[in-house]
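Heads up: the structure comes next, in structure tokens.
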Amino acid sequence: MKKTIQIFMILSICMMAFNIYQIDWQTPLEGKSTVAVIGALASGSALLLLLILQLAKKINQKSEG
């Protein structure tokens, strides 16, 4: 499970970087830039949730043993 979480974290970071690269910073909320902004925010949210899951797993392991 630990390796799976790390793989998903790497994928999330890559997706966020790709979407940030696609944003037109002159008009970030028009056209394809809107999709890129939403994608970057979704990737950031996924990364945050994966970090919380990883922390919860560590806490659970320490409380059991």
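The values are calculated or read from the model by the stated rules, or taken from the named source; none is laboratory data. Note that the structure is predicted; figures quoted are calculated from it, not measured. Here Cβ is always computed from backbone atoms with ideal geometry, including for glycine, and neighbour counts include all displayed protein chains. SASA here: full protein model, heavy atoms, side chains in, ligands and nucleic acids out. Shrake-Rupley method; radii C 1.70, N 1.55, O 1.52, S 1.80 Å.
I'm trying to understand the selection: among the residues of segment 8-27, which are open to solvent by less than 100 Å² (accessible area, probe 1.4 Å) and either of a type in the set (S, T, N, Q) or within 30 Å of residue 58 (Cα to Cα) (or both)?
Across segment 8-27, the qualifying residues are 9, 11, 12, 13, 14, 16, 17, 19, 22, 27.
Would you please list the contacts, defined by Cβ atoms under 9 Å and residues six or more apart or on different chains, that run from a residue in segment 28-44 that is free of Cβ contacts under 8 Å to residues at least 24 places away in the same chain and open to solvent by less than 50 Å² (accessible area, probe 1.4 Å) to a residue that is aromatic (Phe, Trp, Tyr) and not in a helix (DSSP H, G or I)?
Close Cβ pairs satisfying both conditions: 33/25.
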